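Contents: one structure, followed by commentary.
The values are calculated or read from the model by the stated rules, or taken from the named source; none is laboratory data. Because the structure is a prediction, the values reported are computed rather than measured. All Cβ positions, even for glycine, are placed from backbone atoms using ideal geometry, and neighbour counts span all protein chains on display. Surface areas here come from the heavy atoms of the whole protein model, side chains and all, with no ligands, DNA or RNA. Shrake-Rupley method; radii C 1.70, N 1.55, O 1.52, S 1.80 Å.
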Amino acid sequence: MAGFLSVIAPSATAMAASPQPRVATAVKAAPLPGDPHRGAAIYEARCSACHSLDANRIGPSHRGVFGRRSGTVANFTYSRALKASGVVWTAANLDIWLSGPTKMVPGAAMGVRVSSPQERADIIAYLRQASTVR
């Protein structure tokens, strides 16, 4: 249902106080189910040149990424933009990030994107699993 719009109508009190029109907001589609096994293979093929679960490389380590605030991995130098963004890595935020890092956080250093929604879901499932297992 991507692209479906929901109209939120203001209460009668709010309408009386302010003659603002209704506001349309996008309703996010439910995330695709991801396969952590496929995600491991995709991560190895697409991400491991710059990232590792346990070591900082060109990009920061990813183990424990779920629930972590962006820009906080020790001994990694982040772009100012990402460090200041305040993003907390949830499945939804990782999906947005992987679909276009510099669109999500202008000035971020990561320019690689994953255009396939299923590949993003698989990578996210893998990272979720890797965040809980050591």
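Matching residues to (1) under 17 Å from GLY64 (Cα atoms); (2) at pLDDT 95 or above:
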{"position": "ALA81", "(1), (2)": "no, yes"}
{"position": "SER85", "(1), (2)": "no, yes"}
{"position": "TRP89", "(1), (2)": "yes, yes"}
{"position": "LEU94", "(1), (2)": "yes, yes"}
{"position": "SER99", "(1), (2)": "no, yes"}
{"position": "ALA130", "(1), (2)": "yes, no"}
{"position": "ARG134", "(1), (2)": "yes, no"}
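Just checking, does the range 100-116 include any residue being out of contact with any Phe, Trp or Tyr (no Cβ under 9 Å at 6 or more places or on another chain) and touching a residue at least 60 places away in the same chain (Cβ under 8 Å)? Within the range 100-116, one or more residues are out of contact with any Phe, Trp or Tyr (no Cβ under 9 Å at 6 or more places or on another chain) and touching a residue at least 60 places away in the same chain (Cβ under 8 Å). Taking only pairs six or more apart or across chains, which ones have beta-carbon atoms under 8 Å, a first residue in the range 54-79 that is open to solvent by 40 Å² or more (accessible area, probe 1.4 Å), and a second residue that is basic (Lys, Arg) and not in a loop (DSSP other than H, G, I, E, B)? Between residues of the range 54-79 that are open to solvent by 40 Å² or more (accessible area, probe 1.4 Å) and residues that are basic (Lys, Arg) and not in a loop (DSSP other than H, G, I, E, B), the close pairs are PHE66/ARG128.
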